[in-house]
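The structure under discussion appears below in the form of structure tokens.
The values are calculated or read from the model by the stated rules, or taken from the named source; none is laboratory data. Treat the numbers as computed from the prediction; the structure is a model and nothing was measured. Glycine gets a Cβ as well: all are built from the backbone with ideal geometry, and neighbour counts include every protein chain shown.
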Amino acid sequence: MAGTRAAIRYAKAVLGVASDKGTAETVNTDMKHIAATISESEELSMMLKSAAVKSDDKTAVLAKVFPQLNVLSTELFKVLAANKRLEILEATAENYCRLYDDLQGKEKATVTTAVPMNNDLELKVLAKIKDLTSKSVELENIVDESILGGFILRVGDTEYNASIANKLNTLKREFTLN
């Protein structure tokens, strides 16, 4: 929990400096790349979390893995290393992206379906999302066959579960309670 709060504080600080320097969008691109790379690489994630690896070695690896970053993004590595907080780099990058999107009036919506959405369904979902929020929305489709059918829509902190699996579970609870 403390790591999460610290990651938010670092993300806010980097966003503040990036906004002042007019590089917030470039740093956002870097942060998306950093978060995705760490998320996809279990070795990199474990190395950042390892107490056995020295901070200098971690920053050297990060410099090799991310050679083309904005100066502000690489400065974040140095600050986190100096404060022995490199293990929260991924969370910091994710929080930066979320805060940047909030600042830009953007929101991420996630739709989980049993099969990939077609263009028609995507347009209908986007229209429904426009009713729920005034922000511009980036739609992400996750395919999860375990929901059997229907969909689960998540916009910000709001979730609407219209999946067949959820309806079956609701019926099951009703029958077991009666």
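Hey, Phe77 hits all of (1) out of contact with any helix residue (DSSP H, G or I) (no Cβ under 9 Å at 6 or more places or on another chain); (2) more than 30 Å from Val143 (Cα to Cα); (3) part of a helix (DSSP H, G or I) but one; which does it fall short on?
Exception for Phe77: condition (1).
Looking only at helices (runs of 4 or more DSSP H) that lie completely in the range 21-70, which have at least 2 residues being under 22 Å from the mean Cα position of the chain (by Cα), outside the structural domain of Arg85 (by TED's automatic domain parsing) and surrounded by fewer than 19 Cβ atoms within 10 Å (Cβ to Cβ)?
Qualifying helices (runs of 4 or more DSSP H): none found.
Out of all the residues in the range 131-178, which are more than 30 Å from Tyr100 (Cβ to Cβ) and outside any helix (DSSP H, G or I)?
Leu148, Gly149, Gly150, Ala162, Ser163, Asn178
Inspect the range 157-169 for any residue being touching a residue at least 24 places away in the same chain (Cβ under 8 Å), charged (D, E, K, R), more than 30 Å from Val27 (Cα to Cα) and not assigned by TED's automatic domain parsing to the domain that holds Leu15 and give the result as yes or no.
no
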